Amino acid sequence: MNGWVGTGRVRAREADGLMEVSVEGLTTQAKYYKPLVYEFFRKEWRGARAAWGEFSVEIRMEYVGDPPWLDLDNLAKAILDAIKGYAFHDDAQVSRLLVERHPGERERITVSVRKIGEMHVRAR
């Protein structure tokens, strides 16, 4: 996978149809993430531009100690709004969204974006 782009709190990389974004640190205010991530893409990102089609997005919040009091749906909206125009044209293109909170070794948010082909039905 290509190296990370960015030297501040937000970094990103891409390879083989996967874009990964990492945001170091946590706050209880989801609205904080939209301008932070958006400015990274506007100023530092030189990778692929927005594409059409359907996308799968996974957002993982890692915390140390007690989980932060942060609504995951608000976090997802802020992140999707921030990467819109860079990963995809409109967040309506996201056909699969997973947002989860887990204990980790450090506080961060990681985002994985992958373009998907036709929707595949998984056998259960």
For the range 53-60, indicate whether the set of residues that are at pLDDT 90 or above, farther than 20 Å from A87 by Cβ, of a type outside the set (V, I, T) and not in a strand (DSSP E or B) is non-empty.
-> no
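If I filter the range 1-29 down to residues being touching a Lys or Arg at 6+ places or on another chain (Cβ under 7 Å), within 17 Å of L72 (Cα to Cα) and not polar (S, T, N, Q), which single residue comes out as surrounded by the most Cβ atoms within 10 Å (Cβ to Cβ)? Spell out the reasoning first.
Of the range 1-29, the ones touching a Lys or Arg at 6+ places or on another chain (Cβ under 7 Å) are 1-5, 17-18, 20, 22-25.
Next cut, within 17 Å of L72 (Cα to Cα) only: 22-25.
Retained after the next criterion (residues that are not polar (S, T, N, Q)): 23-25.
Numbers: V23: 26, E24: 12, G25: 11.
Checked the range 1-29; the qualifying residue surrounded by the most Cβ atoms within 10 Å (Cβ to Cβ) is V23.
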Criterion first (under 12 Å from the mean Cα position of the chain (by Cα) and not polar (S, T, N, Q)) does Y33 satisfy it? yes
Within the range 21-37, restricting to residues that are in a helix (DSSP H, G or I) and touching a strand residue (DSSP E or B) at 6+ places or on another chain (Cβ under 9 Å), the one that is nearest to R101 (Cα to Cα) is Y33
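The values are calculated or read from the model by the stated rules, or taken from the named source; none is laboratory data. Predicted model, so just to flag it, every value in this text is computed and none were measured. Note that each Cβ is placed from the backbone with ideal geometry, even for glycine, and that neighbours are counted across all protein chains shown.
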